[in-house]
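The values are calculated or read from the model by the stated rules, or taken from the named source; none is laboratory data. This is a predicted model, so every value here is computed, not measured. Note: ideal-geometry Cβ built from the backbone for every residue, glycine included; neighbour counts use all protein chains shown. Ligands, DNA and RNA are stripped out before the accessible areas are found, and what is left, the full protein with its side chains, is counted by its heavy atoms. Shrake-Rupley method; radii C 1.70, N 1.55, O 1.52, S 1.80 Å.
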Amino acid sequence: MSGYRVGVLGATGAVGSTVLDVLAERSFPISELVPLASERSAGKRLPFAGGEVECLALGEESIQGLDLVISSAGGSVSSEWAPRLVAAGAVVVDNTSFWRMHDDVPLVVSEVNPDAAEGHRGLIANPNCSTMQMVVALKPILDTVGIERLVISTYQSVSGTGQRAIEELSGQSRAVLAGDAAKPDVYPHQIAFNVLPHVETFKDGDDYTTEERKMMAETRKILGTGDELGISATCARVPVFGAHSESVNVQTREPLEADACRELLAAAPGVVVLDDPAAGAYPTATEVTGRDEVFVGRIRRDPSHERCLNLWIVGDNLRKGAATNAVQVAEVLVERDLVRVPEPSLAAA
Ligand SMILES: NC(=O)c1ccc[n+]([C@@H]2O[C@H](COP(=O)([O-])OP(=O)(O)OC[C@H]3O[C@@H](n4cnc5c(N)ncnc54)[C@H](OP(=O)(O)O)[C@@H]3O)[C@@H](O)[C@H]2O)c1
């Protein structure tokens, strides 16, 4: 089979297993697929393209000879292993937060800033899931009328935290319905039948969470706006298994009517407008789960400001928010002949 030797690091996880699905669905050119995870998963058989592949333990030996690696094994693994993968000759598309704001690392959303991939030094970062789905919907608005300010509230699913959180919501839901205590483990409080205004962590002295800080910083880096774009974000975790929902108040530079915004977004790549609220047509997390596009509905004028619109944006965090975009970025690399590590590479930095 012709194609690339592709590694999927974190292949047993919520994102990594979706990467396997998306690579197969999109017929990515693969000569050999190498799933990698921790020692715990060595030898596990993982479903891929109608068959099975054997998972290897991440190590100096198992990373040799790879052309491309899609990496989703957490920030600390990535901080150590991404440079080692690049030094071994692989171009890395990284799903963790560790490299995203690094000056030498492009942060790429395939529909928004694919050209940024051109300058890669062996590593390309995939944005945070809640940022990803939002910028896909905002880019056409930015290009047409400009954006001055965003006020964001998110309603994020537990799959955004990973496999253990999915199990925690299932277990707690069963416990509560059976009248038993729901013991929190992954989250600081019970997540079943609850809403937590706390996504990720509060760093010392900061009253915004790391997720909220990521949304603000990554949005500016991807859209190339710098601090000129005002952003205020509140991120909440909700007892939903898949897909993040977001209410986004967009203050534009020039006026934009709701109908014009609807038309603009309907023509935008990767966006589906579902907006007939009186008929019950608006995006919901369960309906968007499993879809690769970003869905937008409830597009309406903010009655308190003549240049503000309200949008309801829903995306599958494991698909467009992580795996699908990573594979789309890999496709950009293939199309532009960028599956090679340039010198000096990031490994030398
Ligand atoms: N979930 C999302 O929606 C989402 C979206 C965007 C980005 N991300 C980011 O993607 C990363 C993975 O998230 P996830 O939700 O998929 O987490 P997860 O379900 O907990 O999966 C973690 C994966 O990393 C592997 N791993 C852990 N420690 C390792 C080690 N020392 N060496 C090698 N592999 C190791 C695990 O392997 P074992 O099974 O062997 O432990 C597993 O395959 C995180 O950095 C997360 O922030 C997640």
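Things to note:
- In this structure the chain gives 43 Å² per residue of accessible area when probed at 1.4 Å with all protein chains present.
- Relative contact order of the chain, defined on C-alpha pairs under 8 angstrom at six or more residues apart (%): 20 percent
- For the chain, a Gaussian network of Cα nodes joined below 10 Å ranks 109, 34, 145 by mean-square fluctuation, and the top entry is 145.
- Radius 12 Å from Cβ of residue 236, net charge of other residues (Lys, Arg +1; Asp, Glu -1): -3
- Electrostatic dipole magnitude of segment 255-349 [Cβ: Lys, Arg +1; Asp, Glu -1; Cα centre; debye, to 20]: 200 debye
- Taking only the C-alpha atoms of the chain, Rg followed by Dmax gives 20.2, 61 Å.
- Computed from point charges on the beta carbon alone (+1 for Lys and Arg, -1 for Asp and Glu), the dipole magnitude for segment 1-153 about its Cα centre is near 260 Debye.
- Calculated mean residue ellipticity at 222 nm for the chain: -8500 deg cm²/dmol, from DSSP H runs with n ≥ 4 weighted as -39500 (n - 2.57), summed, divided by the residue count and rounded to 500.
- Other residues within the sphere of radius under 13 Å centred on the Cβ of residue 321, judged by their own Cβ, net out at -2 (K and R +1, D and E -1).
- Per-residue SASA remark: residue 183, around 150 Å² accessible (1.4 Å probe; ligands, DNA and RNA not included).
- Of all accessible heavy-atom area on segment 204-254, the percent that carbon and sulfur account for (1.4 Å): 44 percent
- Counted charge near residue 207, where neighbours are those whose Cβ lies closer than 15 Å (Asp, Glu -1; Lys, Arg +1): -3
- Dipole size of the chain about its Cα centre, with +1 on Lys/Arg Cβ and -1 on Asp/Glu Cβ: approximately 460 debye, rounded to the nearest 20.
- Antiparallel bridge percentage (DSSP; both residues within the chain; nearest 5): 45 percent
- With Cα atoms, 0 to 90° folded angle of helix 14-25 axis to the chain main axis: 80 degrees
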